[in-house]
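The values are calculated or read from the model by the stated rules, or taken from the named source; none is laboratory data. The shown structure was predicted, so the numbers you read here are calculated from the model rather than taken from an experiment. Using ideal geometry, Cβ is built from the backbone for each residue, glycine included, and neighbour counts are taken over all protein chains shown. Quick note on the areas: whole protein, heavy atoms, side chains included, nothing else; ligands and nucleic acids left out. Shrake-Rupley method; radii C 1.70, N 1.55, O 1.52, S 1.80 Å.
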Amino acid sequence: MGTVEIEKIYNSKAIEEKWLKFWEENGFGHAVAGTGKNPYSIVIPPPNITAVLHLGHALNNTIQDILIRFKRMQGYESEWMPGTDHAGIATQNVVERKISRETGKTRQDVGREDFIREVWKFREETGGTIIEQLKRMGCSCDWKRERFTMDEGLSRAVTEVFVRLYEKGLIYRGKYIINWCPRCQTALSDEEAEHEEQSGHLWYLRYPAADGSEGVVVATTRPETMLGDVAVAVNPADQRYKGLVGKKLILPLVGKEIPVIADDFVDPAFGTGAVKVTPAHDPNDFEIGLRHHLEPVIVMNGDGTMSAHAGAEFEGLTREAARKKVVEKLTGLGNLVKIEDHLHAVGHCYRCHTITEPYLSSQWFVRMKTLAEPAIDAVKDGRITFYPERWTKVYLGWMENIRDWCISRQLWWGHRIPVYYCNVCGEVMVSRTPVTECTKCGSADIVQDPDVLDTWFSSWLWPFSTFGWPDTTPELRTFYPTSTLSTAPEIIFFWVARMIMAGIEFMGDIPFSKVYLHGTVRDEQGRKMSKSLGNGVDPLEVIETHGADALRFSMIIITAQGQDVFISYAGKNGKKQEHNTFDTGRNFANKIWNASRLILTLSGGSIGRADSVKKDLADRWIVSRFNREKSSITQMLENFKFNEAAQTLYHFIWHDFCDWYLEIIKPRIARGGDEKTFVLRNAAEILAGSMQLLHPIMPFVTEEIWQLLNEHLGEKQSASIMISKWPEADTGLIDPEIEREMEMVQSLITTIRTIRNEMNVPLGEKADVMVAPADEDARRVLDANSSYIMDLASVKHLAFTEQSKRPPKSAAGISDKNEVFVLLEGLVDFDRERVRLSKEIERRGKFIASIENKLSNENFLSKAPVEIIEQERRKANDTREEMKKLIANLESLGE
RNA sequence: GGGCGAUUGACUCAGUUGGUUCAGAGUGCCUCCCUUACAAGGAGGAAGUCACUGGUUCGAAUCCAGUAUCGCCCACCA
C-alpha cells in the first residue's frame, strides 16, 4: 500500500554500510584508460603503511574525493589512484620496536633478510589499515589500481631512475657532512633534519699557544667536538689576531699542535672572533677544512658515542657525557674562560626526534641544480599553479637555493641502491639488473651497496610510476599528467617539488597542473594534532558517533582555502563540550533526511505527473534559486572554494528549500489532487538535484535519498548518484523578477511574524491582518500570494487597506514600503507598541542621516559613479517614505 | 635574521575585483512554539567603533605603510 515508514533520525551507520558495499561491488570508482573521454586524474599522497587515519588524512582525502566525484559526474574519465608508501625509517622503527617487544631481539640479532621478511609480514597484516579507513570515509578511489611504493613495478621505476641519473652524471657518491640520526643510525636529507630553537650555552675555551704565550679563546656550542679540532680560524681582516695567523696552538686535553688559519667565513663580531675548526663534525668547518687541506678527525661513532679518535679517556662515552667531561676537565685545567647562555637551532630527526649529528660519511647524492631549473620555469610560467597562490614563493625560494639531495640511507627497509662493487678490483657497477660478475676483471666476488634509498626517492616518481612507467602503458598515456594534487604544505619540499622535477625529467612533462594546499588540522588551542600530544581526534570515532558524511561536511565547511582548521571535539566518552565541530554535519544530514521523509511519506510510494497545474510563485522561485545555485556551486568547486560550496548548499537546502518551500507546499499537499502531485514532484526533483550537487561532499546520505526520490519519481537515470550527470544550470529558469516578488512576500511574512512575536501573539493563535500595499504592483504580488502569507504567518483574515490608515487595536509594521497591521484581540498594549514603533523610526532616522551626509558631500556627487548616487538617493527616499508611515502610525496611537 | 599567515559580536570562523544584497554564518544566549519531516527542530530577538596608528579615495573590514599580539615556515654564523 501507500504508506512509507522511514526512521525519524538519520541512521548513518546502516546507510553507509549499504552504499559502501554497493559502490565497491559495482566498481564505480574504476576508470578505464583510452576511452576517449576527457581524463581527470589525481594521485593520492600515499599514506605510510604505519599510519592510522587522522583528521589531516580525513581532510585531505575528503578534498580529493570531492574533486574526483565532481569530475566523475561531469563526465570525465576520473581516476583517483590510491596507494601507500613504504616509509623507510618510520616502518623500520615500528617493526624494530615490535620485534624487541616480542622477542627482545635487535634487528641485528634477527639479520637483514629475516628482518625484511618481518617488515613485509607487518605490511601484509596491518599495512592496509589506512586503506580500509579511507574506504569507510567514502573515498571513491580506483581500488583496483592500488599501488605500493615497494611494488615490483614501482621498484623497477626506482632502479631505472637511479641508473639514468647516474649515467647522466646527476648521481654521485662522496664523503660529505650529512645529517645523521644516531638513534636510527642513518643519514638524513637536509629536509629530514628539523631545526628547532633551543636554549644552550656558549662555552669560551682557551687554547694556549705552542710557544707558551696566551694563545686564543674560542667560543663553541659543542665543547665535546674540540677533541676533533684541527685548527683555529680567524677572519683575515681581524686586527686582533693578525700576528697569530700561522702560529701553532696546543689543543687542550688532546695535546696536539694545531695551526691558526685565516678564513673569510669567520665573523669577527661573533664570540671572540676565533672559531675552532672541526671538519668532521660541522658543515662549515668541513668547508674550511677543504679550503685549507686539513685532515678531518672523526671523534664520534654512528651511535652517538665517542670514537677511539677522541682518546682513551673519552672513547665509548655518549656525546652528552663527553660534553660534561670535557667541560669539567677544561675547568680543572683553567682553560674554561666563561659560559654564556645561547639560543641556537638544533637539528632533530623527523622520525624519532633525536638530536641529529652533522656527520662525515660516504653517501649518495643527487645533483639538483639542473633538475630544478625547468621545474622553476614550470611554476613561473604558470603551467603549474599553487592554491593558495602564496605557496608559490615558498616553492621558488627553496628551488632557487636547492642543495644536493642525500639519497642513501643506512637502513634495511627500502629500495636497495642498484650499485655493485667488485671486491677484487674495486670496480663500481651501476646496473638495472643484479650483477654477478665484475665487468672489468671478471671476478664473481661482487657485493651490492648495503644502503637503501630515501623513501622520497620512490615517492617523487608516484604520478607516473603508478601508471606503469617506464613502460608506455595506456594508463600512463591517458592519466598523465594528472590534473590536481591535493596535499599538506609541510611536504612541498619533500614531495611536491621533487615530483615536479622528476615529472619533467623522466616524462618530459609536468606531473600536475594544479596544486591545492590545504590547511593544518589543529585542536581548539591551535596545537597541531599529533600522536605525541595525544590531542588527536580519531576520525573513525567521529564516523561512529556522527557519520562519515558529518565528518566530511563539518570539516569542509570550516576549511577556507588553505586556512588552518580548528576542531572542537571531546570524543565519545569525553565531557560535554559547548561546541562540537561535527554536530554541524550531523544535524545537516538529519535535516536532509527529514526533508526527504516528508516528501516520501506524503507521496505514499510514488509521485505522478501533473504538468497542467499552474505553477505558483514559490514553485518558480525555488526552481530559479536552484538553477542559480547550480552554477555557483560548479564555479566554487572548480576554484577549490569547498567551504563556500558547502555553505551555499547548506543555506539553499535548509533555509530556502526546507524553511520556505516545504512550508509553503504543505497546505497545498493537504489540499490533494493534481496540485499535491505537482508540488510533490517539484519538491522531489529539486531535492534530488540538490543531492547531486551535495554528493561530492556527502556521498552517503545523498545516494540514499537520491535513490529513494528517483524510485518514487519513477526516474532512475543511472544506477548510482555517483555516476549520474552533474546538474547543469538552465539559465532560462533563473528569473530575477520571480525572485524579487518572492522576496517581497517573504519579507512581509517575516514582518508579521516579528510583530506577533514582539506583541506576544504566538503563531499558534491565528490573527487578522491588514496590508496596505505600497503600490499597484505590490498589491498584485501580495494578493496573488496571499495564501502564503496566511499560512506562514498564521493569518485568519487578510484584507487590503489604504496606506497610513492604522486600524484601531492593531500593531503596525513596514516591509518594502508595504504597511502591515496586525489586529490584536483584546487590549492592545499601547505603550509597548509605542516603544516598538519608536525604535523602528529611530533606526530609519539614523540610516537616512548617514545617507544624507553622503549626498550632501560635493565630492561624492562629483566623483562617484551616477549609479551609486542614484542608488543612495533611492535608498534615502524609500526609507523616508517608510519612516513617514511609521510616524503616522505612532501618532495615531495618541488618541 | 628573513618570509608567510592570523587578529571581525560570548565562542569558532566566512567575507572573490573597495559602493544596494557587506557588516555575515554556525554555536552559545534571550523570548515563544513538543504545529501531523526534523527539539539533532520551527518562529523571533539582543549582541561587533571589522587589533591599533597613519595614508590613498567621494567612499576602506576590503588597497598602501607602520605598530602590537599570536602562530607557522625557512636560514651554516661557531
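Can you tell me which residues in the range A:26-67 are closer than 28 Å to A:TRP413 by Cβ and of a type in the set (Val, Ile, Thr)?
A:ILE42, A:VAL43, A:ILE44, A:ILE49, A:THR50, A:VAL52
Take the conditions touching a residue at least 40 places away in the same chain (Cβ under 8 Å), of a type in the set (Phe, Trp, Tyr), in a helix (DSSP H, G or I) and surrounded by fewer than 16 Cβ atoms within 10 Å (Cβ to Cβ) and apply them to A:PHE22. Does it pass?
yes
For the range A:374-432: of the residues being among the aromatic types (Phe, Trp, Tyr) and part of a strand (DSSP E or B), which is farthest from A:ASP451 (Cα to Cα)?
That would be A:TYR387.
Checking A:ARG351 against (1) more than 31 Å from the chain's Cα centre (by Cα); (2) modelled with pLDDT under 90, which single condition isn't satisfied?
Answer for A:ARG351: the failing condition is (1).
Out of all the residues in the range A:750-765, which are outside any helix (DSSP H, G or I) and either closer than 14 Å to A:ALA812 by Cβ or more than 8 Å from RNA strand B (Cβ to nearest atom) (or both)? Working first, answer last.
Initially, the range A:750-765 is screened for residues outside any helix (DSSP H, G or I), giving A:759-765.
Across the range A:750-765, the qualifying residues are A:MET759, A:VAL761, A:GLU765.
Residues that are under 22 Å from the mean Cα position of the chain (by Cα): list the strands (runs of 3 or more DSSP E) wholly contained in the range A:446-529 that include at least 1 such residues.
A:482-487, A:512-517, A:521-523
Inspect the range A:584-601 for any residue being more than 27 Å from A:VAL521 (Cα to Cα), of a type in the set (S, T, N, Q), open to solvent by 30 Å² or more (accessible area, probe 1.4 Å) and within 12 Å of RNA strand B (Cβ to nearest atom) and give the result as yes or no.
yes
Any chance you could count how many residues in the range A:779-805 are in contact (Cβ under 8 Å) with a residue 40 or more places away in the chain and either closer than 12 Å to A:VAL822 by Cβ or more than 49 Å from the chain's Cα centre (by Cα) (or both)?
6
Go over the candidates A:GLN198, A:GLN239 one by one and state the one that is in contact with a strand residue (DSSP E or B) (Cβ under 6 Å, 6 or more places away or on another chain), more than 30 Å from A:GLY414 (Cα to Cα) and surrounded by fewer than 17 Cβ atoms within 10 Å (Cβ to Cβ).
Residue meeting the stated conditions: A:GLN198.
What tally of residues in the range A:538-569 results from selecting those that are open to solvent by 40 Å² or more (accessible area, probe 1.4 Å), more than 8 Å from RNA strand B (Cβ to nearest atom) and farther than 16 Å from A:ALA589 by Cβ?
So the answer is 2.
What is the one condition in (1) more than 39 Å from the chain's Cα centre (by Cα); (2) without any contact (Cβ under 8 Å) to a residue 24 or more places away in the chain; (3) within 29 Å of A:ILE402 (Cα to Cα) that A:GLY212 does not satisfy?
The one condition A:GLY212 does not meet is (3).
Within the range A:366-416, track down each residue that is of a type in the set (Gly, Ala, Ser) and open to solvent by 10 Å² or more (accessible area, probe 1.4 Å). So that I can check it myself, show each step before the final result.
Narrowing the range A:366-416 to residues of a type in the set (Gly, Ala, Ser): A:372, A:375, A:378, A:382, A:397, A:408, A:414.
Matches in the range A:366-416: A:GLY382, A:GLY397, A:GLY414.
Return the residues of the range A:68-102 that are closer than 16 Å to A:SER483 by Cα, in a strand (DSSP E or B) and of a type outside the set (Gly, Ala, Ser); say none if nothing qualifies.
A:GLU77, A:GLU79, A:TRP80, A:MET81
Being more than 30 Å from A:LEU411 (Cβ to Cβ), surrounded by fewer than 21 Cβ atoms within 10 Å (Cβ to Cβ) and of a type outside the set (Gly, Ala, Ser): is that true of A:LYS248 here?
Yes; evaluated as a whole, the condition is true for this residue.
Has the range A:74-85 got any residue that is free of Cβ contacts under 8 Å to residues at least 24 places away in the same chain and among the β-branched types (Val, Ile, Thr)?
Within the range A:74-85 (the criterion being free of Cβ contacts under 8 Å to residues at least 24 places away in the same chain and among the β-branched types (Val, Ile, Thr)), the answer is no, since none of the residues qualifies.
If a residue has to be aliphatic (A, V, I, L, M) and closer than 21 Å to A:GLY732 by Cβ to count, how many in the range A:587-629 make the cut?
Summing the residues that are aliphatic (A, V, I, L, M) and closer than 21 Å to A:GLY732 by Cβ in the range A:587-629 gives 5.
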